[in-house]
Amino acid sequence: MQRFTRSCWSGGLALVLLGVGALPAAAADASAELAVGGLVFPKSADISIESQDLTITPEAVTIRYKFLNQSSNPVTLTMAFPLPDLDLSAADNYAIPTSDSTNFVGFETKVDGKPAPFTINQRAFLGSKDVSGLLRSLGAPLFALGVQHDKLAELPQATRDKLIDEGLLVQAGQTEQGKPIYDAGWTVKTSAVRQQVFPPNRSLAVEHRYKTSLGISFDTVMRRGLRQNRGVAKEVERYRNDYCITDKFLADVDKIAGTAAANTAKVQERRINYALKTGANSAGPIKQFRVVVDTRKADRLVSFCGPNLKVLSPTTIEGTAKDFAPDKDLKILIVGRF
């Protein structure tokens, strides 16, 4: 059975988080997908990306860059790695990979092989208004998810009333006793930031690593029993375009999932969205680009739009390109048993 599809490239840079599949059943059991931004820095005519080596697994994402300062002077740039924006009013199904309320994807970075310090900046917005200061002054947590969300109920009633009046708390149901339950209504924006000095006329190795947050559905619309349903025709077509789904891939799905209406084989899907738009900030395209996707188990199928795809092992596929100028996200679909 062919495990990997060879198909065209649809580009992209970023991180990865979890998503709800548009399935007729079991959607409530899925995790909500977040698109994560990639490395952002001021456009520079002096700094080029000589290579980018990307490894993606269900557990972690590792990106290794080689930058080159082509000038005879040091260049200092502010390098930012945006974490995904979190709309807390719609956060019921977000899958956050760590318990850290600021660095919630476990982001780490190294420069020339040595751990490099960075600062996490986190702000809260209601629409376009920065409400970070107001929330802090009222003792409300910015990252109001999980344990931090429980702290909202512990605030004094006068404080809660103030937050409601300001539109910062939104009703999200009620208790069995009829008392209203409130969720945070703001959006949290987070980024890891550092000042990076690029020495003149030499290259610099920068590595980023963080925990993968997978888009999860406990079924897959790629199964014949679902994809032949007219009600999901648009979703099937979106999958075909986003993940470069081929007829061969669908035939392989049918082999492991069967053709019954019910998901008797208990196949699931995982989705990863990696935004690859960093190259637009450097002096020219990425000279050498490589991506390796590892499913971790040989009985899982994977499909994505990639350049010059090559099977390396029963679990890994490699894509390579020269002079690569990404302009779209890299979206990866894994189907199988988990």
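No value in this document is a laboratory result; all are computed from the given coordinates. Small disclaimer: the values here were computed from a predicted structure and weren't measured. Glycine gets a Cβ as well: all are built from the backbone with ideal geometry, and neighbour counts include every protein chain shown.
Overview of values
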quantity: Rel. contact order, % - alpha carbon contacts under 8 angstrom, at least six apart, the chain; calculated: 31 percent
quantity: Proximal aspartates and glutamates to Lys189, defined as alpha-carbon separation beneath 13 angstrom and excluding residues fewer than eight positions away on the same chain; calculated: Asp85, Asp87, Asp130
quantity: Of Lys66/Lys110; Lys110/Lys211; Lys66/Lys322; Lys66/Lys287; Lys255/Lys297; Lys287/Lys331, pairs whose Cα-Cα distance is over 18 Å; calculated: Lys287/Lys331
quantity: Among the listed pairs Lys151/Lys179; Lys129/Lys151; Lys129/Lys162; Lys43/Lys114, those beyond 19 Å (Cα-Cα); calculated: Lys129/Lys151; Lys43/Lys114
quantity: Sorted peptide list for 240-249, 175-184, 217-226, criterion being average Cβ within 10 angstrom, highest first; calculated: 217-226, 240-249, 175-184
quantity: Whole-angstrom Cα spans of the chain along principal axes, big to small; calculated: 65, 61, 29
quantity: Mean residue ellipticity (222 nm) of the chain, computed from DSSP H runs ≥ 4 via -39,500 (n - 2.57), nearest 500; calculated: -4000 deg cm²/dmol
quantity: Ranked packing of 137-148, 264-275, most packed first, by mean Cβ within 10 Å; calculated: 264-275, 137-148
